Amino acid sequence: MPQSSPNTQSDSADGLLQPMKVKTLADRCYEQLKNAILTLELQPGTPLSELQVATQLGISKSPVREAFQRLSRDGLVTLEPNRRCLVTGLDRTNIRDWYELRLILEPESLSRCGDFICPSLLATLRSVNHQAIAACDLLDPLGFIHHSDLFHLTLIGLNPNRSLVAMVHDLFDKIRRVRIALYQMDSDALGSQPSFTIGGLTQHEKVISLLEQHRLDDAVIALRDDIQTFITKLDSGTFDAAIERVRFHKVEQATGERVRGGKAAN
């Protein structure tokens, strides 16, 4: 009698159980440091000491050392002698290059994914954009950036090319510090809702409306215009104050004090 396939639902839990991802201390340390850097809690030029970070998190120096090495590979820190590192800064060339990559990748991806546009996707996009608007009303920069990014990442996630999707996710990690600095700059200038921020969310609504009308080509143009607006303002010097916030500035004191989350759990 032939045996049943181990992949059939009748004799296995395949499809019901997912592999468990166990996070190591190094993973937790890396994630906390990365988050602090990307949200500008640890600003460019800030020195980090293995000993101080390890002491604050209540762990040994070994996982901190591994976390530093991973952050270095990400381009977020520069390793130095004496088991220290410096948070890297960004410059105009880096930032423009990353947005040009977005300009090339995101509209082209959307143009190839028309078959995946459906009512449930449009409802998700609109919900995400409304949550970004609500975050602006609350002057919540991290909430705004999360949901604004999610709008773009949801669109790019339609593409079956997983390498492309991973590349764009990496780009959004790289530009997150810039986006937070822009929000801060906009808020400082107006003392209320940021104009550039709201303008971007309005453009998102335009993309959604065009997709609802089955006008894919026009939606692609609107998405391209959304990204191009940033590049144009960057080139004009409009964002100089924000660029200054993410530029490398040497800070004299080593710190681990702004790493949040307390002790890393086993």
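Points to keep in mind about this one:
- One residue stands out among those in region 8-54 that are hydrophobic (A, V, I, L, M, F, W, C), within 23 Å of LYS174 (Cβ to Cβ) and in a loop (DSSP other than H, G, I, E, B): the one that is modelled with the highest pLDDT, which is LEU42.
- Yes/no for GLU108 being closer than 30 Å to ASP218 by Cβ and not in a loop (DSSP other than H, G, I, E, B): yes
So that you can scan it fast, the table gives a plain yes or no per residue for (1) hydrophobic (A, V, I, L, M, F, W, C); (2) more than 23 Å from LEU101 (Cβ to Cβ):
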site	(1), (2)
ASP140	no, yes
ASP173	no, no
GLN184	no, yes
LEU201	yes, no
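- Considering residues of region 67-83 that are exposed (fewer than 14 other Cβ atoms within 10 Å of the Cβ) and part of a loop (DSSP other than H, G, I, E, B) only, the residue nearest to the chain's Cα centre (by Cα): GLY75
- Selection status of THR197, hydroxyl-bearing (Ser, Thr, Tyr), exposed (fewer than 15 other Cβ atoms within 10 Å of the Cβ) and in a helix (DSSP H, G or I): no
- Annotation: of all residues in region 208-266 being within 30 Å of ALA26 (Cα to Cα) and of a type in the set (Gly, Ala, Ser), the one that is modelled with the highest pLDDT is ALA254.
- Residue in region 113-125 that is modelled with pLDDT of 95 or more and either farther than 23 Å from LEU153 by Cα or basic (Lys, Arg) (or both) present: no
- Condition met for ARG179 (closer than 29 Å to ALA241 by Cβ and basic (Lys, Arg)): yes
- Failed item in (1) within 30 Å of GLU50 (Cα to Cα); (2) in a helix (DSSP H, G or I), with LEU86 passing the rest: (2)
- Conditions (1) modelled with pLDDT of 95 or more; (2) farther than 30 Å from ASP235 by Cβ; number of the one not met by VAL77: (2)
- Every pair of residues 6+ apart whose Cβ atoms lie under 6 Å, when the first sits in region 97-115 and is under 14 Å from LEU164 (Cα atoms) and buried (at least 18 other Cβ atoms within 10 Å of the Cβ) while the second is of a type in the set (Lys, Arg) and modelled with pLDDT of 95 or more: PRO107/ARG224
- Number of residues in region 221-246 that are out of contact with any Pro (no Cβ under 9 Å at 6 or more places or on another chain) and among the basic types (Lys, Arg) equals 1.
The values are calculated or read from the model by the stated rules, or taken from the named source; none is laboratory data. Keep in mind that what you see is a predicted model, and the values were worked out from it rather than measured. Positions of Cβ are generated from backbone atoms using ideal geometry, with glycine treated the same way; all protein chains shown enter the neighbour counts.
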